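Just below is one structure, and these are the notes that go with it.
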Amino acid sequence: MNKSSILKLALIIEMIALLSAAVAISRDYQDSWILEGLEVPFAVFMVTYLVYFSAEKNPIWLIAFALIFRFTVLSLPNLKYAWYQGLAIDQHRHYRLTQDIYDQGRIRTGDLYSGTPMMHLSFVLYSIITGLPAIDSFKYFPILAWSAFPIVTYLVISNIAPENSSIQKFALFASSVPAKPPISYLVIGTLFGPLLTFLILSQLTKMTHKNDRRYLIIIVVYTFALAATHSFSSIALSILLFVTYFLLQTLRRIGFIST
């Protein structure tokens, strides 16, 4: 076995050991910090992942283990604790609306989030398809959604940076590490808003780079999903696109960039 194969095998074994350890010490209360009792296996997993990422050359394997790493890290809190994480009041309201839709089969009117229920409907659909209770969908569906982040990052960077370049590798590594892990597993208003925003921007980048207007169909679908999921992200994206367009027009007008 070569070095890459040995590291792959080691990562898989360490991942299983780390997730198993989280399940073994599962509890229904919040202790001092998320990694309490998991420090050693987590540190070993991190070091092995760094060594593997620096040694691996095949982008397909890099993407695969970037997904595995991100999924493993984000799964730890939900495997270790019986309930979803966080103390913010909107998390409980999100869960209440999700549970009501699951139990009653309809969106309760008058709720603060009944006007943007796409996130809650996704939890309910995930529960119906998998047969899991709403509480488990609330815990694990966000992880699955956010685990796709490295793939989207790679697709965007591959249209900009040279193939198999260090820029691609660094961008993929950075996307595999949850810079702000709570956003990726806590069910708050900004859970899917930034993800959909990033997907829209990725499709805009591909459409501009390839000059193919067929990507506009996907952009429209993502835009409607964003509007039905998180209104603030829709406003923020609109402002960002307007400011970007205004700056580009200004730079063209004064001759800094060509038309």
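Out of curiosity, is Phe45 more than 20 Å from the chain's Cα centre (by Cα), of a type outside the set (Val, Ile, Thr) and within 24 Å of Trp146 (Cα to Cα)? It is true that Phe45 is more than 20 Å from the chain's Cα centre (by Cα), of a type outside the set (Val, Ile, Thr) and within 24 Å of Trp146 (Cα to Cα).
If you go through the range 202-226 and keep only what is open to solvent by 30 Å² or more (accessible area, probe 1.4 Å), in contact (Cβ under 8 Å) with a residue 24 or more places away in the chain and within 29 Å of His94 (Cα to Cα), you end up with just Tyr222. The single condition from (1) assigned to a helix (DSSP H, G or I); (2) out of contact with any Gly (no Cβ under 8 Å at 6 or more places or on another chain) that Asp212 fails is (1).
Scanning the range 73-118 for residues that are more than 22 Å from the chain's Cα centre (by Cα), polar (S, T, N, Q) and farther than 27 Å from Arg27 by Cα yields Gln104, Thr109, Ser114.
Taken over the range 57-81, the criterion of being open to solvent by 30 Å² or more (accessible area, probe 1.4 Å), part of a helix (DSSP H, G or I) and without any contact (Cβ under 8 Å) to a residue 60 or more places away in the chain is satisfied by Ile60, Trp61, Ala64, Ile68.
Would you confirm whether any residue within the range 82-95 is open to solvent by less than 30 Å² (accessible area, probe 1.4 Å) and under 29 Å from Tyr154 (Cβ atoms)? Yes: the range 82-95 contains one or more residues that are open to solvent by less than 30 Å² (accessible area, probe 1.4 Å) and under 29 Å from Tyr154 (Cβ atoms). Here is a check on your reading of the model: is Leu112 open to solvent by 60 Å² or more (accessible area, probe 1.4 Å), touching a Phe, Trp or Tyr at 6+ places or on another chain (Cβ under 9 Å) and closer than 17 Å to Phe192 by Cβ? No. Looking for something farther than 19 Å from Ala148 by Cα, at pLDDT 90 or above and not hydrophobic (A, V, I, L, M, F, W, C) - is there at least one such residue anywhere in the range 57-77? No.
Just name the residue that is nearest to Leu226 (Cα to Cα) out of those in the range 116-140 that are without any contact (Cβ under 8 Å) to a residue 40 or more places away in the chain and either part of a loop (DSSP other than H, G, I, E, B) or open to solvent by 50 Å² or more (accessible area, probe 1.4 Å) (or both). That would be Leu121. Is it true that Ser54 is exposed (fewer than 11 other Cβ atoms within 10 Å of the Cβ), of a type in the set (Ser, Thr, Tyr) and outside any helix (DSSP H, G or I)? No: the conditions fail for Ser54.
Screening Ser5 on (1) open to solvent by 20 Å² or more (accessible area, probe 1.4 Å); (2) in contact with a helix residue (DSSP H, G or I) (Cβ under 7 Å, 6 or more places away or on another chain) shows it passes everything except condition (2).
In the condition set (1) in contact (Cβ under 8 Å) with a residue 24 or more places away in the chain; (2) out of contact with any His (no Cβ under 6 Å at 6 or more places or on another chain); (3) surrounded by 14 or more Cβ atoms within 10 Å (Cβ to Cβ); (4) within 17 Å of Ser137 (Cα to Cα), Thr98 is compliant with all but (2).
The values are calculated or read from the model by the stated rules, or taken from the named source; none is laboratory data. Just so we're clear, the structure is a prediction, and the values are computed from it rather than from any experiment. Here the Cβ is made from the backbone with ideal geometry for all residues, glycine too, and neighbour counts use every protein chain on show. Remember, those area values only see protein heavy atoms, side chains included, never the ligands or the DNA or RNA. Shrake-Rupley method; radii C 1.70, N 1.55, O 1.52, S 1.80 Å.
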